[in-house]
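Note sheet for the following structure.
The values are calculated or read from the model by the stated rules, or taken from the named source; none is laboratory data. From a predicted model like this one, the values you see are computed outputs, not experimental measurements. Note that each Cβ is placed from the backbone with ideal geometry, even for glycine, and that neighbours are counted across all protein chains shown.
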Amino acid sequence: MSAQSESGQASVELVVLAPLLVAVVLAAAQLLAAGAARELAGHAAEAAAVAMLQDEDPAAAARDAVPGWSRRRMAVRVAGRRVHVRMRPPSPIGAIAGMLESNRWADAGPKSP
């Protein structure tokens with residue numbers, strides 16, 4: 001085999017493997033983003049429950065507990081002494097973000113007398 005033939009073979013392999021490598025990297029980044037959203041949702045739910053115990057606004061506490069970029073991806077619902085936080089991870093494809101959405105709950109316990 002000549003050096004020129006081997007160079008051509010390497011170019012073909014690179015063209016075939018590059019999209020696969022990009023897809024693997026994007027999938028790994030999406031999974032990391034989903035994990036971060038899960039952790040942030042849990043942290044926000046706990047912060048909201050603590051705020052309830054301190055007679056403060058739980059939704060505001062949940063929003064204050066997460067970084068600014070994630071606030072618009074978060075929904076907070078308070079039902080009695082229970083807080084539900086839903087967070088969508090960042091994603092270039094909305095359907096994927098919906099599938100990887102995280103839901104976390106926290107309970108502030110029974111209301112004190």
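Which ones in the range 93-113 are surrounded by fewer than 14 Cβ atoms within 10 Å (Cβ to Cβ), in contact (Cβ under 8 Å) with a residue 40 or more places away in the chain and at negative phi?
Asn103, Asp107 - these are the residues of the range 93-113 that are surrounded by fewer than 14 Cβ atoms within 10 Å (Cβ to Cβ), in contact (Cβ under 8 Å) with a residue 40 or more places away in the chain and at negative phi.
Would you confirm whether or not the range 63-74 contains a residue that is aliphatic (A, V, I, L, M), touching a Lys or Arg at 6+ places or on another chain (Cβ under 8 Å) and not in a helix (DSSP H, G or I)?
Yes; the residues of the range 63-74 include at least one that is aliphatic (A, V, I, L, M), touching a Lys or Arg at 6+ places or on another chain (Cβ under 8 Å) and not in a helix (DSSP H, G or I).
Kindly indicate the residue of the range 53-70 that is of a type outside the set (Ser, Thr, Tyr) and either touching a Ser or Thr at 6+ places or on another chain (Cβ under 6 Å) or within 15 Å of Arg104 (Cβ to Cβ) (or both) and also surrounded by the fewest Cβ atoms within 10 Å (Cβ to Cβ) among those meeting that condition.
Looking at residues that are of a type outside the set (Ser, Thr, Tyr) and either touching a Ser or Thr at 6+ places or on another chain (Cβ under 6 Å) or within 15 Å of Arg104 (Cβ to Cβ) (or both), I get Ala59.
Could you look through the range 71-92, keep only residues that are over 15 Å from Ala49 (Cβ atoms) and touching a helix residue (DSSP H, G or I) at 6+ places or on another chain (Cβ under 6 Å), and pick out the one that is surrounded by the fewest Cβ atoms within 10 Å (Cβ to Cβ)?
Filtering first and then ranking leaves Pro90.
Within the set of pairs 6+ apart or on separate chains, which have a first residue in the range 54-80 that is at pLDDT 95 or above and of a type in the set (Lys, Arg), a second that is buried (at least 18 other Cβ atoms within 10 Å of the Cβ) and in a helix (DSSP H, G or I), and C-beta atoms under 8 Å apart?
Arg63/Ala44
Please determine, by comparing only the residues of the range 84-107 that are of a type in the set (A, V, I, L, M) and in contact with a Pro (Cβ under 8 Å, 6 or more places away or on another chain), which one is modelled with the highest pLDDT.
Here the residue is Leu100.
So which residues in the range 78-105 are in a loop (DSSP other than H, G, I, E, B) and β-branched (Val, Ile, Thr), if there are any at all?
Within the range 78-105, Ile93 is the sole residue that qualifies.
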